[in-house]
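In what follows, a structure is listed as structure tokens, so that the remarks can point back to it.
Throughout, read-outs are computed from the coordinates displayed, never taken from laboratory work. What you see is a predicted model; the values in this text were computed from it and never measured. Don't worry about glycine lacking a Cβ; one is built from the backbone with ideal geometry, like all the others, and counts go over all protein chains shown.
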Amino acid sequence: MQIQIDKLIRSKRRTIALIIERNGTLTIRAPMRISQAQINSFVQEKSDWVIRTRERLKSITHTPVRQYMDGETFLFLGASFDLKLVKPQRPSLKFDNGFTLSHTMQKRGESIFTRWYKERAYEVISERVTQFAQQHSLTPGQVKITSAKTRWGSCSPNGTLNFTWRLVMAPLDVIDYVIAHELAHLHVKNHSSKFWKFVEAIYPDYKNQRKWLRENGEKLNW
């Protein structure tokens, strides 16, 4: 089956990346000098993955729009916690085995929660990146938190590690797998068998966490 490329983005990256957007379109990120024929060949090699991913996205029941009301639940490190609206407080959003939000800030709930998640994501992920990097003599660049919806993490050519803030909603074991995945790209740029062996050396249980992310990743998007 011929796979259509909906969007092609060329940059100084070294490898080809396939991204299936939530609407099913295929975005390709590719090095500047690689030929269109090489890109097409790579896409066809990954056609089974593209088809499976699109089918999975079609079968997903999307999360309802959030209202930031009493009783709504929010994920943090793999667990669900209730939200309670309270009288004005500082900061307007607090977490202590549950979330409390100033009722006067309810309409700004999305931006307030997003900022909170970004801050927690940086704290959790940067600490664990440092830990794994030291254990395996790796030297990553900066850790950056993004708002990506279709990519959990990425490794730039200069060694900067990027992670979506949505990842902090996942269990810690899953976060560790994604960290190991991006750290491994400092050593091996592609997804060859050598790459996966390096991931396994960093995080031996990566297969189970990879499976969890494939089956439950949509729960982290809202």
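For every other residue with a beta carbon closer than 13 angstrom to the beta carbon of E200, add +1 if it is Lys or Arg and -1 if Asp or Glu, then tell me the sum.
Numbers: positive: K194, K197, K207, R210; negative: D176, D205.
Once positives and negatives cancel, what remains is +2.
Give the relative contact order (percent, whole number) for the chain; include only Cα pairs under 8 Å separated by 6+ residues.
Numbers: 308 pairs, mean separation 33.9, N = 222.
The normalised contact order for the chain reaches 15 percent.
Roughly how many nanometres apart are two label points built 7 Å out from the Cα toward the Cβ at N97 and I51?
Output for this residue pair reads 5.1 nm.
Provide the per-residue ³J(HN,Hα) series for the range 76-93, in order, calculated from phi with Karplus coefficients 6.51, -1.76, 1.60 and θ = phi - 60°, each as a whole number of Hz, with x at glycine and proline positions.
Computed from phi, the couplings for the range 76-93 are 8, 6, x, 10, 9, 10, 6, 9, 10, 7, 10, 5, x, 9, 10, x, 5, 10 Hz.
Which net charge results for the neighbourhood of L101, defined as the other residues with beta-carbon distances under 9 angstrom from its beta-carbon, given Lys and Arg at +1 and Asp and Glu at -1?
Values: positive: K84, K94; negative: none.
Spelling it out: positives minus negatives among the neighbours equals +2.
What does the helix-only formula give at 222 nm for the chain: each DSSP H stretch with n ≥ 4 adding -39500 (n - 2.57), the total divided by the residues, and the result rounded to the nearest 500 deg cm²/dmol?
Working: 6 runs with 84 residues, N = 222.
Calculated from helices alone, the mean residue ellipticity at 222 nm is -12000 deg cm²/dmol.
Which whole-Hz couplings ³J(HN,Hα) result when phi for each residue of the range 2-12 is put into the Karplus expression 6.51 cos²θ - 1.76 cosθ + 1.60, θ = phi - 60°, listed in order with x for Gly and Pro?
7, 9, 8, 8, 8, 8, 10, 10, 9, 7, 7
Most exposed first by the Cβ proxy, i.e. fewest other Cβ within 10 Å, how do M69, M105 rank?
Numbers: M69 13, M105 17.
In increasing order of surrounding Cβ atoms, one gets M69, M105.
Quick check on the chain: of the DSSP beta bridges with both residues there, what percent are antiparallel, nearest 5%? Can you show the working numbers first?
On the way: 14 of 27 bridges.
Roughly 50 percent of the beta bridges in the chain run antiparallel, per DSSP.
Order these by the 10 Å Cβ neighbour count, fewest first: K94, K197.
Details: K94 15, K197 11.
Ranked by crowding around the Cβ, least crowded first: K197, K94.
Below 12 angstrom from the Cβ of V124, what's the summed charge of the other residues (Lys, Arg +1; Asp, Glu -1)? Let's see the in-between values first.
Numbers: positive: K118, R120, R128; negative: E119, E123, E127, D176.
So the environment of V124 carries a net charge of -1.
What order do you get for S92, S193 when you list them from fewest to most C-beta neighbours inside 10 Å? Please list the in-between numbers first.
Working: S92 18, S193 9.
Arranged by neighbour count, lowest to highest, S92, S193 become S193, S92.
Which of the lysines could a cross-linker bridge to K7, judged by Cα under 25 Å and excluding same-chain residues fewer than eight apart?
K46, K58, K144, K149, K189
In percent, what relative contact order does the range 7-59 have, based on Cα pairs under 8 Å that are 6 or more apart in sequence?
Numbers: 55 pairs, mean separation 18.1, N = 53.
It comes to 34 percent, rounded to a whole number.
For the chain, take N as its residue count and report Rg(C-alpha) divided by 2.2 N^0.38 Å. All intermediate terms of the calculation are to be shown ahead of the outcome.
On the way: Rg = 19.1 Å, N = 222, 2.2 N^0.38 = 17.1 Å.
Taking N as the residue count of the chain, the ratio is 1.11.
On a 0 to 90 degree scale, rounded to 10, what angle separates helix 36-45 from the longest Cα axis of the chain?
For helix 36-45, the angle is close to 70 degrees.
State, to one decimal in nm, how far the label point of I34 lies from the label point of Q131, with both points 7 Å from Cα in the Cβ direction.
The answer from the label model is 3.4 nm.
Using alpha carbon coordinates only, what is the Rg to Rh ratio of the range 1-47, with Rh defined as the Kirkwood radius? Numbers along the way, then the final one.
Values: Rg = 10.2 Å, Rh = 10.8 Å.
Reported Rg/Rh, Kirkwood definition of Rh: 0.94.
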